[in-house]
1. At 1.4 Å probe size, with no ligands or nucleic acids counted, give the accessible surface of TYR211 in Å², nearest ten.
2. Of all accessible surface on the chain at a 1.4 Å probe, what whole percent is carbon and sulfur?
3. Could you give the size of the charge dipole of the chain about its Cα centre, using +1 on the Cβ of each K and R and -1 on the Cβ of each D and E, expressed in debye and rounded to the nearest 20?
4. Could you list which residues have their amide H under 5 Å from that of GLY232, counting only those 5 or more apart in sequence or on another chain, with H placed in the peptide plane?
5. Per residue, what accessible area does the range 45-87 have, given a 1.4 Å probe and all protein chains present, in Å²?
6. Straight-line reach from LYS87: which aspartates and glutamates fall under 14 Å, measuring Cα to Cα and dropping same-chain residues less than 8 apart?
7. What's the local net charge at SER391, with K and R +1, D and E -1, over the other residues with C-beta under 12 Å away?
8. Please go through the residue pairs LYS73/LYS182; LYS73/LYS168; LYS193/LYS229; LYS17/LYS279; LYS78/LYS168 and name each one whose alpha carbons sit more than 29 Å apart in this structure.
Amino acid sequence: MNNIAPQEIKQEFLKSKMGIAGIVILLTLGIVSIIAIIAIPIETFQEWNNPSNWIENPKVAIPIWINIFLSEKIPEHKILNEPNIKKITSEEIELISHQFGLNFDYVDFPNDFIYEFSSEYSGNPLLQMSVIRPDGVKLNLLTTALPYSNEKTVHSERIFSTEQAIKKNLSLQSENFEFEFKRLSAEDIVFSKTHVNEPLKGDYIFLIDLYGINSENRIYESKLIVGGKAFGIMGTDELRRDLAIGLLWGTPLALFIGLAVSIASVVAGLLYGVYAGYKGKKTDEVMMRFNDVIYALPALPFLIILSVTISNSIFVMVGFLMVFGWVGIAKVSRSMSLQIKTRGYVDAANMMGQKDSKIILKHIVPQLLPYAFASIAISVPAAITTEAGLSFLGLGDPTFPTWGQILHDANTFGAAARGMWWWIMPPGVMIAITGLAFVFIGNALDAIINPKLKR
């Protein structure tokens, strides 16, 4: 077995189209991982399973780019946070008005609408919410008094279109419409034509009026959310989470899991097998029988049991995968070690009194490095798919938005039966692309190494 120079491997690798394709894909995934870590706040990642963090997003919204291919556009989700502010003072009454303009040009009704605000006041100001439609009809949506306070206080609130008070107010204005309101939602009424329950296109103005007697009253963090059915690059899930964020964060997590497991497994298996092969006799026998015991264990059922009984932490899972990942590498590296130790330079090193550890690390392990690199590349997809499989079964770490966890949530909420392809296909495609990158690299290295080893 001859030594293969790193420079020689590099030159041969650069001639391989498969290897270059794998490197390009891997670099792209690395760039995506860096963008995710830098651009997406860590708080967003930590709050992945907190429903209140995603309240501004629509439920199960399709990706917004789908509208490019449709003649009749799906209503897009709108977040309006720059209102036109007016302040009117008349004797003792002060009016603060926030006006949101919305151009609605869709053939379907929005999902809902939400008004979110924070106000600073004292006393008992009156908040009124209304809308002026494109046909000139003005509808009063809500009139409510904010909680009384003797001192200046800050009050934050979300007003949902599903509130009974809004539906009741609209019922009192039914004379403006020629159809019954029964079983219709507030948004189906507000955005409807007067003579038939079909969407009314045009410019809407939502008015938020705060009446008070204190000139220091004010509204800030004022935001109107009109829930559409199309949102973001990758859409949303049942819990309103932006799937693009989950897919982006899943990339560095997948690379971490795959690389950590494969590198640790290959290094451990390589050293274990080389030492067993070099020492031989009883040491080799005992070590390889232990290897056989680990190899005989059914990895997936054992991982399931360990995940249920001990912990489903992603770090514990990585540790479990390392435990089961080194045994195959150890067998192959042992057989290679048995050949190398018979070489003359190994005998010469023994005669010179060099320590076993020095002989192994200096004369045997370096010759197995090309094989180790190929094994690392080929082992990564197995680690990623194993984690994805465990997460899909509900045994993964729910606090991390891995691709497998996204697929598990999709299965839990019946995404396939409901036709939510954007919830299922992207994580599956990402798993396949990541695995393909390392398979390409591993096969290219293997094609370079094997002919050299046969000389």
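1. 80 Å²
2. 61 percent
3. Roughly 3100 debye for the chain.
4. ILE64
5. Value for the range 45-87: 62 Å² per residue.
6. Filter leaves ASP209, GLU216.
7. -3
8. Check vs 29 Å cut-off fails for LYS73/LYS168; LYS17/LYS279.
The values are calculated or read from the model by the stated rules, or taken from the named source; none is laboratory data. Bear in mind the structure is a predicted one, so any value in this text is a computation, not a measurement. Positions of Cβ are backbone-derived with ideal geometry, glycine not excepted, and every protein chain shown enters the neighbour counts. Areas reflect the complete protein model, heavy atoms only, side chains present, ligands, DNA and RNA absent. Shrake-Rupley method; radii C 1.70, N 1.55, O 1.52, S 1.80 Å.
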